[in-house]
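The values are calculated or read from the model by the stated rules, or taken from the named source; none is laboratory data. Small disclaimer: the values here were computed from a predicted structure and weren't measured. Glycine also receives a Cβ, built like all others from the backbone with ideal geometry; neighbour counts cover every protein chain displayed. Accessible surface areas use protein heavy atoms only, side chains included; no ligands, DNA or RNA. Shrake-Rupley method; radii C 1.70, N 1.55, O 1.52, S 1.80 Å.
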Amino acid sequence: MSLDLDLIYSQFNFKMDKSRDQKVYKFEQFRLDTLHLMLYREGEQVALAPKAVETLIAMVERHGEILSKDELMSIIWTDSIVEESNLAQYLHILRKTLGNQTDGKPFIETFRRRGYCFNGEISTADLTENGNTTSQTEDGGSELNPSPRVRRTYLAAAIFTACLLGAVSIIWVIFAAKGRDSRTGGDLTILNLTTGEDVNFATISPDGNYFVYSSQEGGMAHLWLQQTGQASRREIIPPFSGSIWETSFTPDSQFVYFFTSEETSETTLYRVPALGGLRSKILSDIGTAVSFSPDGREMVFRRTNQAEKKSLLVIASSDGLGERVLLAKTDDEAFSGVAWSPDGKTIAFGELKPTLREGVCTISGVDPRSGQTRSLSSERWDSCFRLIWTPDGRGLIMAGTKYKDAYTTRRDQIYYISIASGESRRLTIDNSRYQYGSLGVTNKDEILAVPFNRLSQIWSMDAAGDSRTVVQITTGFADGRSGIAPLADGRVAYLTRNGDGFSIWLMNADGSDQKQLTTDPPEIEEIRAPSSGRFFVFAAKREKWPHLSRVDADGTGYRQLTFGDSAEVDSAISPDENWILYSSEPFAGGVDKSSLWKIPAGGGEPILLSEVKCQTPHYSPNGQTISCISRETGIILTISADSGAVLARFKTAENPVLNVGARWTPDGNGLTYIVSRKNVGNIWIQDLNGREPHPLTDFTSGDIYNYAFSADGKRLFVARGYATRNAVLIRNFR
């Protein structure tokens, strides 16, 4: 009788893969396990996505050969069509992870216009039944021959395994005969649902058949529906000028709820049939994605009462009628994501205390009938966003950041929180961040999430913005994204990721002679420098708050400049190098008291410049005027550097990206800022004479994250790269 274990036990996911030899490859300090898709460095597991490991295996198995992109993609994605950016991302991660060999040569070498080659010297080992290995060198010589006692142990283990499998098969047949459900076991798997679309605020229907997401193209908001496992999509409402976020399905998967903002800053909740149709207005002024009672008749959401400075947890019928306040928070407390349990007895919510800055959130629950609250987990979080219950009500899935992980590569991950123990378990370990507003859980225990990565390198180009002049000058993973500071002598300072933090580096204008200036503090958020390059100013986290610090150009003379219970992140140095301007955001009484301050460049008492709520300031070349970003959407202000009075207001082009502010043109006659359209980033100019905004650069692909003009105004340094953002389905997370 034949016993095909792959066939009989396929639902148990034993991963008996016939297509690949069960080997372990060894090269220098690394060990690559092909069966379990694991990479180890000196015995320690290296956290890599399965596809990244498959990419490495494909190259190692054909080491010494140059493999083209097409060859690699056909090996790794045999049955799928994906973007080349996926392969580029994994190759970049592998190069960073492996580094160089002991002789200084890279493990993975790139051959321009030809492909990639793995150059390491490898030895192989066959994987035995119990997961141990018998190693062989490339010439076939044996490194390990098991003793007779070991062989007897293997035989006994094989007999025991066969008996165990027989017992499992009997149990499975009994359960199948009784018609009972059987959960499939196996390794956590992640399936791509999209291939390069602009996916935002995605969620999946409870039945798992469809998922929805929004996108932004040319100032127009779109809402898409896609069948799970299929490539085609359909637009379920006509596009409109505005934005869409916080999508939710009703429990019966028949309707989609979503938020919009059109023309005004007011948030409005709409409903549309899942397969498309007319949208119906439900409610206004809501702060979180809605969550429904098990029967779908009611929904819960957060609302902020600005007049009374209260955060409210509100229940209403699914058509928006019959509102009632379930809980209210005051005195520096607020609600985050909310989720109604499958049995209807508990509404889980994030409980925020913004004054803590760290460990700001805990997870609690409230009985929707009695209003009685209880803690669901004692763990603290630096951020907690969307919450969704698992179908059995035994746990919560959450997008968030653990306590003290906010400045690390572990921020913005997907977690499972056990209700029984209150303990969390991180589900995502692929070095990606995950969108805080994209989350969904199906009745089959599948999780929809949206990982995103932003590779960033620094490029140099002519200040006129002609993309034909652009030259790449760095090759890192996150170069310049948090700051670029050109100096008068032609050198360029910039921030790049250093492990879990960032450090200041300095290089020549062509990218040569790169050297690291700082290692402490590690958690740097920005960098500024006067054109003379005598010193650098940066924001660094100290205890609870990020404060401004400075260091001399040679990396010595570190000193902290600002103090207190406020956050100072965005700063600017006056052209005469006498003043440092910054925006201050104190957290007191739940009231927004942000304002602009300045201090002497060497340190001293802060001086209030303006109480206008404005962020990310930049001095004009003559030092007389300051640009900053208003809290009003799409508004840039210019302010007097002497009095702090507002001089002018400018409306930006559609789809601005204003997190790095509006920088002045070298001649001081205009303001520049980033605009993103159709997933392409470019720098635009706003002339001070009132002319309509118009593009400066003309890139046709890629994102721009940061930029700065050279001190002489002739060159433009741009931190740019490509963001990968795809909806994925996570299975077997238990």
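For the range 228-252, the candidate set comprises residues that are more than 23 Å from residue 656 (Cα to Cα) and small (Gly, Ala, Ser); within that set, the residue that is least open to solvent (accessible area, probe 1.4 Å) is 248. Among the residues making up the range 387-404, those that are at pLDDT below 95 and open to solvent by 20 Å² or more (accessible area, probe 1.4 Å) are 402, 403, 404.
Out of 364, 318, I need the residue that is closer than 25 Å to residue 240 by Cα and not hydrophobic (A, V, I, L, M, F, W, C). Which one? Step through it out loud before you land on a result.
Working: 364 fails: closer than 25 Å to residue 240 by Cα.
Answer to the check: 318.
With respect to (1) more than 16 Å from residue 418 (Cα to Cα); (2) open to solvent by 30 Å² or more (accessible area, probe 1.4 Å); (3) assigned to a strand (DSSP E or B), the lone exception for residue 370 is condition (3). Mind checking whether some residue in the range 667-675 is farther than 28 Å from residue 220 by Cα, assigned to a loop (DSSP other than H, G, I, E, B) and of a type outside the set (Asp, Glu)? Within the range 667-675, one or more residues are farther than 28 Å from residue 220 by Cα, assigned to a loop (DSSP other than H, G, I, E, B) and of a type outside the set (Asp, Glu).
Looking across the range 689-706, the residues that are free of Cβ contacts under 8 Å to residues at least 60 places away in the same chain and within 20 Å of residue 634 (Cα to Cα) come down to 689, 690, 691, 692, 693, 694, 704.
Take the conditions outside any strand (DSSP E or B), over 22 Å from residue 526 (Cβ atoms) and among the small types (Gly, Ala, Ser) and apply them to residue 653. Does it pass? It is true that residue 653 is outside any strand (DSSP E or B), over 22 Å from residue 526 (Cβ atoms) and among the small types (Gly, Ala, Ser).
Regarding the range 496-509, can at least one residue be identified that is touching a residue at least 12 places away in the same chain (Cβ under 8 Å), within 14 Å of residue 718 (Cα to Cα) and crowded, with 21+ Cβ neighbours inside 10 Å?
We begin by selecting, within the range 496-509, every residue touching a residue at least 12 places away in the same chain (Cβ under 8 Å); these are 496-509.
If we keep only those that are within 14 Å of residue 718 (Cα to Cα) too, we end up with 496, 509.
Next, only the ones that are crowded, with 21+ Cβ neighbours inside 10 Å stay: 496.
The answer is yes, given that some residue of the range 496-509 is touching a residue at least 12 places away in the same chain (Cβ under 8 Å), within 14 Å of residue 718 (Cα to Cα) and crowded, with 21+ Cβ neighbours inside 10 Å.
Looking only at residues in the range 453-482 that are in contact with a helix residue (DSSP H, G or I) (Cβ under 8 Å, 6 or more places away or on another chain) and assigned to a strand (DSSP E or B), the one that is most open to solvent (accessible area, probe 1.4 Å) is 462. When you go through (1) touching an Asp or Glu at 6+ places or on another chain (Cβ under 9 Å); (2) among the charged types (D, E, K, R); (3) at pLDDT below 95 one by one for residue 207, which number turns out not to apply? Of the numbered conditions (1) touching an Asp or Glu at 6+ places or on another chain (Cβ under 9 Å); (2) among the charged types (D, E, K, R); (3) at pLDDT below 95, the odd one out for residue 207 is (3).
Within the range 648-667, which residues are surrounded by fewer than 14 Cβ atoms within 10 Å (Cβ to Cβ) and not charged (D, E, K, R)? Selection gives 648, 659. Out of the residues in the range 418-428 meeting the condition of being over 12 Å from the mean Cα position of the chain (by Cα) and farther than 12 Å from residue 363 by Cα, tell me which one is surrounded by the fewest Cβ atoms within 10 Å (Cβ to Cβ). Ranking the qualifying residues of the range 418-428, first place goes to 420.
None of 332, 295 is modelled with pLDDT of 95 or more and in contact with a Pro (Cβ under 8 Å, 6 or more places away or on another chain) except 295.
Mind listing whichever residues of the range 561-577 are in a strand (DSSP E or B) and either farther than 17 Å from residue 524 by Cβ or at pLDDT below 90 (or both)? Walk me through how you get there before you give the answer.
Of the residues in the range 561-577, the ones in a strand (DSSP E or B) are 566-573.
Passing the criteria: 566, 567, 568, 569, 570.
Quick grid of which residues meet (1) in contact with a Cys (Cβ under 6 Å, 6 or more places away or on another chain); (2) among the hydrophobic types (A, V, I, L, M, F, W, C); (3) crowded, with 20+ Cβ neighbours inside 10 Å:
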| residue | (1), (2), (3) |
| --- | --- |
| 226 | no, no, yes |
| 259 | no, yes, yes |
| 266 | no, no, no |
| 275 | no, yes, no |
| 281 | no, no, no |
| 285 | no, no, no |
| 296 | no, no, no |
| 301 | no, yes, yes |
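Scanning the range 270-297 for residues that are touching a residue at least 60 places away in the same chain (Cβ under 8 Å) and part of a strand (DSSP E or B) gives a single hit, 291. Can you tell me which residues in the range 382-406 are in a loop (DSSP other than H, G, I, E, B) and under 12 Å from the mean Cα position of the chain (by Cα)? If the condition is that a residue be in a loop (DSSP other than H, G, I, E, B) and under 12 Å from the mean Cα position of the chain (by Cα), then 406 is the only one that fits. Residue-level analysis places residue 415 outside the set of residues that are among the aromatic types (Phe, Trp, Tyr), part of a strand (DSSP E or B) and open to solvent by 20 Å² or more (accessible area, probe 1.4 Å). Determine, yes or no, whether residue 555 is out of contact with any strand residue (DSSP E or B) (no Cβ under 6 Å at 6 or more places or on another chain) and closer than 30 Å to residue 432 by Cβ. No. Scanning the range 610-636 for residues that are open to solvent by less than 30 Å² (accessible area, probe 1.4 Å) and of a type outside the set (S, T, N, Q) yields 614, 617, 618, 623, 626, 628, 629, 634, 635, 636.
When residue 639 is tested against (1) under 18 Å from residue 583 (Cα atoms); (2) open to solvent by 10 Å² or more (accessible area, probe 1.4 Å); (3) in contact with a strand residue (DSSP E or B) (Cβ under 6 Å, 6 or more places away or on another chain), only condition (2) is not met. For the range 483-519, the tally of residues that are in a loop (DSSP other than H, G, I, E, B) and over 18 Å from residue 554 (Cβ atoms) stands at 7. Just so you know, in the range 27-56 the residues that are part of a strand (DSSP E or B) and of a type in the set (Lys, Arg) include one that is nearest to residue 72 (Cα to Cα), and it is 31.
Restrict the check to the range 459-481 and report whether at least one residue is among the aromatic types (Phe, Trp, Tyr), modelled with pLDDT of 90 or more and under 21 Å from residue 573 (Cβ atoms).
The first filter runs over the range 459-481 and keeps only residues among the aromatic types (Phe, Trp, Tyr), leaving 459, 477.
Retained after the next criterion (residues that are modelled with pLDDT of 90 or more): 459.
Next, only the ones that are under 21 Å from residue 573 (Cβ atoms) stay: none.
Within the range 459-481 (the criterion being among the aromatic types (Phe, Trp, Tyr), modelled with pLDDT of 90 or more and under 21 Å from residue 573 (Cβ atoms)), the answer is no, since none of the residues qualifies.
Quick check: anything in the range 538-546 open to solvent by less than 50 Å² (accessible area, probe 1.4 Å), in contact (Cβ under 8 Å) with a residue 60 or more places away in the chain and not in a strand (DSSP E or B)? Looking for residues that are open to solvent by less than 50 Å² (accessible area, probe 1.4 Å), in contact (Cβ under 8 Å) with a residue 60 or more places away in the chain and not in a strand (DSSP E or B), one finds none in the range 538-546, hence no.
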